[in-house]
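K.L.:
Mind looking over this structure? Questions follow.
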Amino acid sequence: MKKNKIYILLSLVLCMSLNGCKAISIKNEGEEVKNKNEVVTPKSEQSVEDIQFMIESYGFTKEELEGIDVTKLIQDYELKVRSFTSEEVREIIKSQAKYYLDDGKTKLFQIFDTPAEGSIKAGDHFNKIAMVYNEGTFQQNIIFDLVESKWYLDDATPHELSAKQKEVVEKLPEKYEIYNWENNYSGEEEESTGSLYWKLIFEKQDGSLCAYTGYTQDGTHLPPNYKEFCDDIISILKDGSYK
């Protein structure tokens with residue numbers, strides 16, 4: 001079922017980017033149809049900003065916030081809108097801690113906060129390669145951890161990255177000459193729920209990060225060989241011959 005979900009959603013992204021398809025809802029067996037107007041945003045997109053907010057507003061340290069889903073806490077208690085003292089917020093965390101345990105996703109997915117800047121070079125080696133696809137109503141977040149030989153899809157559940165899968169992932173930057181891509185491929189139209197949004201992030205072996213991103217409604221303003229690149233990603237996660 002997981003593999004089918006990957007294939008269906010990524011295929012939908014390709015359809016939109018290449019043919020200008022309108023956003024639609026997909027219902028898999030046993031799942032509810034999501035509101036077609038709902039934009040799914042990963043909680044990690046705000047995690048760095050939210051942690052800094054807690055430090056500056058309530059006097060926490062980063063160490064005190066480790067293991068806490070800070071973004072969910074802020075949203076539930078409207079901490080950026082309502083007035084609380086530092087003591088009150090600490091009491092909330094103390095009494096409600098079990099509801100705000102971080103499952104590991106927040107820290108893992110901080111890589112998606114990387115701004116669209118920097119560049120890779122031919123011959124570079126990487127610790128992680130991460131991608132986000134959002135065609136307006138569905139979003140997928142994929143991380144390939146090339147050091148630990150794991151991959152993640154939308155949550156902190158690790159999946160084994162086989163030697164063949166790892167080899168294919170490692171060759172993607174060279175195969176598609178991503179070092180020649182621009183950092184931003186934004187279309188002239190305004191970004192909306194009907195836009196295809198994508199982001200590709202690299203963590204180099206020295207720990208530095210760089211990212212490439214873009215959005216389009218009509219399938220233009222995409223990097224060279226974007227469709228073929230996405231086809232390879234689908235194959236890596238779906239095709240049993242890579243296992």
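The values are calculated or read from the model by the stated rules, or taken from the named source; none is laboratory data. Remember, it's a predicted structure, so these values are computed and weren't measured experimentally. Every residue, glycine among them, receives a Cβ derived from its backbone with ideal geometry; neighbour counts consider all protein chains shown. Each accessible area value is taken on the protein alone, full model and side chains, heavy atoms only, with ligands, DNA and RNA left out. Shrake-Rupley method; radii C 1.70, N 1.55, O 1.52, S 1.80 Å.
K.L.:
Go through (1) surrounded by 15 or more Cβ atoms within 10 Å (Cβ to Cβ); (2) at pLDDT 90 or above; (3) part of a loop (DSSP other than H, G, I, E, B) one by one and return the number of the condition E182 breaks.
P.N.:
Condition (1) is where E182 drops out.
K.L.:
Would a scan of region 158-177 turn up a residue that is within 27 Å of E49 (Cα to Cα), open to solvent by 30 Å² or more (accessible area, probe 1.4 Å) and out of contact with any strand residue (DSSP E or B) (no Cβ under 6 Å at 6 or more places or on another chain)?
P.N.:
No, the conditions are met nowhere in region 158-177.
K.L.:
Could you grab the pairs with beta carbons closer than 9 Å, sequence gap of 6+ or different chains, first residue in region 166-181 and more than 14 Å from S235 (Cα to Cα), second one at pLDDT 95 or above and of a type in the set (S, T, N, Q)?
P.N.:
none
K.L.:
Take the conditions at pLDDT 90 or above and crowded, with 19+ Cβ neighbours inside 10 Å and apply them to V81. Does it pass?
P.N.:
Working: at pLDDT 90 or above: yes; crowded, with 19+ Cβ neighbours inside 10 Å: no.
So V81 does not fit the description; no.
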